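Each reported figure results from applying straightforward, stated rules to the coordinates on display, with no laboratory input. Remember, predicted model here, so these are calculated numbers, not experimental data. Neighbour counts are summed over all protein chains in view; Cβ atoms, including those assigned to glycine, are modelled from backbone coordinates with ideal geometry.
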């Protein structure tokens, strides 16, 4: 039997420390191929490139059998990998390790999670990993045993079609991590989202910024888990239907 | 009482015929402000601009009290409108009318629907409209009475926080439209997604393309409604948790 084929992507770009850490964690489980953006693509969500062509090129990457950078988004990388670069369907997609949280509503803007979502839409078991530390100097070391445990279990048990895992890891030393909680995506949003500046020509411009605000008072969601020292795992799918509203809305006088 | 404030966005860009048609449909219901991308942003999903600053400028737009173009994505436009341009919270967000379908899984890649999602995350009743015709010469005229009916009803009844409507309109004459169906997002995906070409320097490049494939055999989803002559309305939220998997996954040996 051939070794599992593991496709690795991210959104911080192929030169980010997080993807190196992820490859080092998973290389023992199979043949690793990296297809990742050639530049940072944070916040790209499910963005795809349709008004420009895509290119990719081969690079050296320790721990992989092949590695490529692509000039598109994380979802473009996935489509290129699955439809063109790889000769067989991967057994697993892992994305990350993201520099910074993708809990709660951030899953919607996240390029890291979009790569995982794209993977599960191709019926490949897929996992997005994020560490709660934005820094380029983030220490991924304490996360790696947990990443390995999760990858091992998913390789063994598989995942249902069309659902991937959104894994967030608190930025604390491993002995303080209380365990892993499977939970739902917390309800929250960003506020005060723009910083106004003036350029040397006297024209205004704006940076997106903001503060995250939770609206959620439950104890069964990812923000609660992370704040209480757990790794959160949210089973995430691309069905965005609010099923509870179909019946009441159907009774409106359309 | 002041007139309802209606914020209009899209992803085809401010100069697309679809947004002009949408403004002409809704101007009778309130004060209309347009904040829309200055260039086509199809396929941008929930993409936000964080590595570049944003700029906007005022333009003339018939049927509006104010109109602006922004050099960012649809979600950027929404954040700029709500946090900076508008002096009060809009009573309604409408996005579109998109040139082409946003049914099924396309909701995930759609910039039009992302603007509507961003609106509902701000607790503003929000609707994304799409016509099943990609053409720049699409005829929006037969859609407009239905757009008006839906807008009127949502202005009257409101929508629950955090859920917007994904409205898709078949490209047929109005007398053939059988009515409006509230339904779920169909299960499907894109296949054969890349077209390979060679540039004048002999280097390969790729265009994203593909064929849509439905995996869904139900009759309660948006693709079924559209194929059978109905306008589809999917109540759409940003909770991507697969709630049915929380309990079985919790029992894994994490």
**OP:** Enter the mean number of other protein chain beta carbons within 10 Å of the beta carbon of each residue in A:214-221, as an integer.
**Re:** 1
Original post:
Using mean Cβ contacts within 10 Å as the protection proxy, how do A:94-106, A:157-169 order, highest first?
Top reply: A:94-106, A:157-169
Subject >> Overall Cα dimensions of the range B:204-254 - principal axes, largest extent first, Å >> reply: 45, 43, 22
Subject >> Relative contact order %, the range A:167-254, counting alpha carbon pairs below 8 Å whose residues are six or more apart >> reply: 39
Original post:
Which Rg and Dmax, in Å, describe the Cα atoms of the range B:134-246?
Top reply: 18.6, 60
Original post:
Using 15 Å as the cut-off for backbone N distance, which residues of the range B:9-26 belong to the label zone defined by a point 7 Å from the Cα of residue B:136 along Cα→Cβ?
Top reply: B:12-19
Subject >> Label point 7 Å beyond Cα along the C-beta direction, distances from residue B:39 to other copies (nm, shortest first) >> reply: 1.2
**OP:** First check a/c for the range A:21-155, with a ≥ b ≥ c the square roots of the eigenvalues of its C-alpha gyration tensor; if it is under 1.5, answer rounded, and if not, answer prolate when a/b is larger than b/c or oblate otherwise.
**Re:** rounded
Subject >> Percent breakdown of C-alpha pair distances by 5 Å bin, ordered from the shortest bin, for the range B:1-47 >> reply: 5, 22, 27, 20, 14, 8, 3, 1
**OP:** May I ask you to derive the FRET efficiency for residue A:123 and residue B:51 from their Cβ-Cβ distance with R0 = 41 Å, giving the value to the nearest 0.05?
**Re:** 0.80
**OP:** Send over the semi-axes of the protein assembly as shown's equivalent ellipsoid, whole angstrom and largest first, taken as the square roots of 5 times the C-alpha gyration tensor eigenvalues.
**Re:** 36, 24, 24
Original post:
Measuring from a point 7 Å out along Cα→Cβ, what nm distances, shortest first, does residue A:179 have to its partners in the other copies?
Top reply: 5.1
Subject >> Binned Cα-Cα distances of chain A, short to long, each 10 Å bin given as a whole percent >> reply: 7, 30, 34, 19, 8, 2, 0
Subject >> D (Stokes-Einstein, µm²/s), Kirkwood Cα radius, the range A:105-156, 1.306 mPa s at 10 °C >> reply: 127
Original post:
In percent, what relative contact order does the range A:96-254 have, based on Cα pairs under 8 Å that are 6 or more apart in sequence?
Top reply: 25
Original post:
Plugging the Kirkwood radius over Cα pairs into Stokes-Einstein for the range A:126-197, at a temperature of 4 °C and a viscosity of 1.567 mPa s, what D comes out in µm²/s?
Top reply: 88
**OP:** Every other copy gets compared here: list the nm distances from the residue A:63 label point (7 Å along Cα to Cβ) to its counterparts, shortest first, one decimal.
**Re:** 5.4
**OP:** Would you please give the FRET efficiency between residue A:2 and residue B:219, computed as 1/(1 + (r/R0)^6) with r the Cβ-Cβ distance and R0 = 51 Å, to the nearest 0.05?
**Re:** 0.80
